[in-house]
Structure formats: C-alpha cells, structure tokens
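Trainee: Take a look at this one; I'll ask things after.
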Amino acid sequence: MTFPYKLVATDLDGTLLRNDDTVSERTREALAATAAAGAAHIIVTGRAVPWTRHILDDLGYEGLAVCGQGAQVYHAGEHRLLTSLTLDRQLAGLALSKVEAEVGPLALAASRDGLDGEVMVGPGYRVQEGPLPAVFVEDPAELWSAPLNKVYIQHPELDDDALATAARAAVGNLVDVVMAGPGVVEVLPLGLSKATGLSLAARRLGVKAADTLAFGDMPNDIPMFAWAQRGVAMANAHADLKAVAQEITASNEDDGIAVVLEQLLQS
C-alpha cells in the first residue's frame, strides 16, 4: 500500500481531537495505516508542551510534536524539549502598550517556557474550563518575571477576530499576533508560526514541504498550509483558513482526518 505524502501534519484542538479531547478509533486506525505506508505523523499545536504532553501520552504518541505555536519542538517518546524559542519580554511589553493605546486595557495571561512552564493568568483574564493547569496572579508584573513563549490577550468588548486585527495593526514589526481558537488571541515572537516549527521538525525527519499534507481548523494554521504541499481544512474550520485550503473535509467530530487519509490510502 502506497501513500502520496511522507509527512502528515495535524493540528490538535478542533482537528485531531474531538470536542471531548479524545481521538476516535477510526482516526487512530487511519493514522496507523498511514504510518505503515511510510508516512510520519507530526502533531502541530498552539498549546505549549505542558498543555500537550498528557494528550500525547494518552495517544501513545512517540514522535515529534511542534508546540507553542511553533516555538517548541518536543520529542514525545523521550519527553524531551529539542528546541525552544522565547518571546522578547521588553518588545512584547512595548507592543502591548501600543495595542492598549488603540483599544484600551487588556486582560493578560502568559505561557512560561520549558517542559513544566506554567500558564500565569492575570486579573480579569477569562480561563476556559478544562483540566489544563493555570496559576492566577494578582500582580501583573509576575507575568513577566520568567522567560515566556507567548502572551494571551483578551478585551472586554472586542471579539477574537476584531482584537487580533486591531492588535496586528498596532504592533507593527515588534511581534506577531494570531487568533488560535475561540477566546485565544496570542502575542508571539516576530516571524514565529506553526510553519517555522514544522519546518524544523520535518528537517529532523529528512522530509520536505513538498512531501507534506497538513490538517487544521484555525487562522494560526494558515502559515502551515502555505508551507505544506496540501492543506486540508476541517468542516468546522474558521472561514479564513477555509479560504486558503485546497480541500475541506468533514469536521473533527466526524473523523475528517480519517476521511482524507482513507481515500489517499485507497487511491
């Protein structure tokens, strides 16, 4: 059985994971068959390593994972961080002051670097319910007291898309801003994206962009689609990602990844 790609890159939330944070048996089997046909699988997620490890362990996943929006390349089998890029905190602080000058006060959270980096949550920031650990701080200065991968921003009135657009316009060339999911707008090191992290991981495997099939659901997957040979958006994907995808598959709840992999395995 042959497979036309050497690498399958999948986003995690809203793509590989169903809404209950599990991976269906059908999708597991399709990925296993793809691996048997010679293609590697890399998970590429906006989540930093501490918020990703437990899912990878549950999947029995032992390959490379690109975490933290491309900032971290993690070896799941060895539980080892291979590369990690941090956010320049001085530049980020300047960028956020420019955003606040345009839209008013923001609520902030920050993801600390490292295998055990905690997510520090500042006053007023609304944390989504779930099992992911967070540390609440009263003094916003504590958010900046250790190296960070990224900063999360929220606004009391603007929705995610409007906030990301306004922030992007305000920060200039200091940092990058991306909408990574519902309620998740992130400030990242300039030039960092899932594509930069994926290219590093792919190079370790000896695989090129031309050999890569990518799946995703949010605007932060756009650079990954631009890098890969083919980008497949889930039915539940954001309109901005659907606009640049070569194909739209079923939703994450309806085994959209498996649908495409099964077709390719049979062709």
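The values are calculated or read from the model by the stated rules, or taken from the named source; none is laboratory data. Fair warning: this is a prediction, and the values are worked out from it, not measured in the lab. All Cβ positions, even for glycine, are placed from backbone atoms using ideal geometry, and neighbour counts span all protein chains on display. What goes into the accessible areas is simple: the full protein's heavy atoms, side chains included, and nothing from ligands, DNA or RNA. Shrake-Rupley method; radii C 1.70, N 1.55, O 1.52, S 1.80 Å.
Trainee: Could you list, in sequence order, the residues of region 165-200 that are of a type in the set (A, V, I, L, M, F, W, C), under 13 Å from A71 (Cα atoms) and open to solvent by 10 Å² or more (accessible area, probe 1.4 Å)?
Mentor: Of all residues in region 165-200, those of a type in the set (A, V, I, L, M, F, W, C) come to 166-167, 169-171, 174-175, 177-180, 184-185, 187-188, 190, 192, 195, 198, 200.
From what is left, the residues that are under 13 Å from A71 (Cα atoms) are 187-188, 190, 192, 195, 198, 200.
Passing the criteria: L190, L192, A195, L200.
Trainee: Moving on. Residues V119, V127: which one is among the hydrophobic types (A, V, I, L, M, F, W, C) and open to solvent by 30 Å² or more (accessible area, probe 1.4 Å)? Even if it seems obvious, please write down each step before you answer.
Mentor: Details: V119 fails: open to solvent by 30 Å² or more (accessible area, probe 1.4 Å).
After ruling out the rest, the residue left standing is V127.
Trainee: Determine whether A250 is surrounded by fewer than 21 Cβ atoms within 10 Å (Cβ to Cβ), in contact with an Asp or Glu (Cβ under 9 Å, 6 or more places away or on another chain) and free of Cβ contacts under 8 Å to residues at least 60 places away in the same chain. Full working, then the answer.
Mentor: On the way: surrounded by fewer than 21 Cβ atoms within 10 Å (Cβ to Cβ): yes; in contact with an Asp or Glu (Cβ under 9 Å, 6 or more places away or on another chain): no; free of Cβ contacts under 8 Å to residues at least 60 places away in the same chain: yes.
Taking the combined requirement at face value, the residue does not satisfy it.
Trainee: For D116, which of the numbered conditions (1) assigned to a loop (DSSP other than H, G, I, E, B); (2) closer than 17 Å to V184 by Cα fails to hold?
Mentor: Single failed check for D116: (2).
Trainee: Evaluate region 31-48: report whether one residue or more is loosely packed, with under 14 Cβ neighbours inside 10 Å and under 30 Å from P147 (Cα atoms).
Mentor: no
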